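Below you'll find the structure, written out as structure tokens, and then a few comments.
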Amino acid sequence: MPLFIRKSENMKILFVGDIYGEPGRRILLENLDKLKSEYKPNLIIVNAENAAHGRGITKKIYKEFMSAGIHLLTMGNHTYGNRQVFDLFEDENINIIRPINYQNIPGYGYKVINFNDKKVLVINALGRVYFNLSIENPFTMVENILKTVPHDYSIVDFHAEATSEKVALGHYLDGLASAVVGTHTHIPTADERVLPKGTLYITDVGMTGPYDGVIGVKKEVIIERFINGISQINEVDEGPTWLNAVLLDFSRKEPQIKRIKIFGE
Ligand SMILES: [Fe+2]
């Protein structure tokens, strides 16, 4: 089985972490031109499962992101948080993927993007630790796609809660996937690295949206929930924002993963 890595080619991929509500969309769109000119990515992939007020995505947001030059949206446990996604998934060419290990529910778990003469395979998968969901094994499902779908580069967005599950998948796919990036916790980790067999890895890219709440939600709502068990509706925090992303750079002799952080207002 040939390894995935094609060294010294012009391939840079910008992956932006979970866009949370309107503040997340705003800081992303305000900084996209700057990110393009500074890092010159060939492809831009964004995790958008929280883009619509923290839950799912709408048709309007999808169009807005595509018009801005984003190539593909990945999702997660909130994929179906807004029912407009069912309409979006009726188009088999839609540039949205949802976790591959969901079963018997609309949507696509992976997509191959063509850039020049290269095929970039992007797979979205959901972890099983702490998610009370009936989903298939992400390890074997992702491995199977990587081994059967032709591609030059492969990016796995592993949307999961537990750092242990994410690190384990990174090692399991080391040498098979070009990059494994974690999403979902909204907290960026500082462990970006090249795994021993060459896979670029980070446990969590972090979120793009309000950082002064609790993972995007107004902190008072969440603190009260922890103290009194009173579950109020999640409200998107309106305070200062940040954008978290990684650049997956395969244009170098040794591929590199670089963390990017931008603070908004
Ligand atoms: Fe999530």
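Some points to look at:
- The residues of the chain present an accessible area of 44 Å² per residue when probed at 1.4 Å with all protein chains retained.
- For the range 142-157, 3J(HN,Hα) computed residue by residue from phi via the Karplus equation (6.51, -1.76, 1.60; θ = phi - 60°) reads 5, 4, 4, 5, 4, 8, 10, 9, x, 6, 9, 10, 9, 10, 10, 9 Hz, glycine and proline entered as x.
- Paramagnetic reach from ASN132 in the range 148-170 [backbone N under 18 Å; point 7 Å along Cα→Cβ]: 161-162
- Neighbourhood charge, 13 Å Cβ-Cβ cut-off, centred on VAL122 and excluding it, Lys, Arg +1 and Asp, Glu -1: +2
- Estimated FRET transfer efficiency (ASP212, THR140; beta-carbon r; R0 41 Å; 0.05): 0.55
- For the chain, modelled as a GNM whose springs connect Cα atoms under 10 angstrom apart, the maximal fluctuation among GLY69, GLY54, GLY182 occurs at GLY69.
- Note on the chain: the C-alpha convex hull projects to 13.5 nm² when averaged across all orientations.
- The stretch between ILE187 and GLU64, if pulled fully straight at 0.36 nm per residue, gains 41.7 nm over its current Cα-Cα span.
- GNM top mover of GLN84, GLN232, GLN103 - the chain, alpha-carbon springs below 10 Å: GLN232
- Cross-link table LYS34/LYS118; LYS12/LYS34; LYS12/LYS36, entries beyond 22 Å C-alpha to C-alpha: LYS34/LYS118
- When +1 charges are put on Lys and Arg Cβ atoms and -1 charges on Asp and Glu Cβ atoms, the dipole computed for the range 12-263 relative to its Cα centre reaches about 500 debye.
- Protein accessible area in the range 164-227, 1.4 Å probe - carbon and sulfur %: 63 percent
- Stretch gain in nm, segment ILE230-ASP87, where the contour uses 0.36 nm per residue and the Cα spacing is subtracted: 48.1 nm
- Between LYS36 and TYR108, the simple spin-label model (points 7 angstrom out along Cα→Cβ) gives 2.3 nm.
- Percent of Cα-Cα distances greater than 20 Å, calculated over the range 96-174: 29 percent
- Cβ-defined net charge surrounding MET66, 14 Å radius [Lys, Arg +1; Asp, Glu -1]: +3
- Antiparallel bridges, percent of DSSP beta bridges restricted to the chain (to nearest 5): 50 percent
The values are calculated or read from the model by the stated rules, or taken from the named source; none is laboratory data. Worth saying up front: this structure is predicted, and the values here are computed from it rather than measured. When we count neighbours, we look across all protein chains shown, and the Cβ atoms used for this are built from the backbone with ideal geometry, even at glycine. Ligands, DNA and RNA are excluded from the accessible area calculation, which covers all protein heavy atoms including side chains. Shrake-Rupley method; radii C 1.70, N 1.55, O 1.52, S 1.80 Å.
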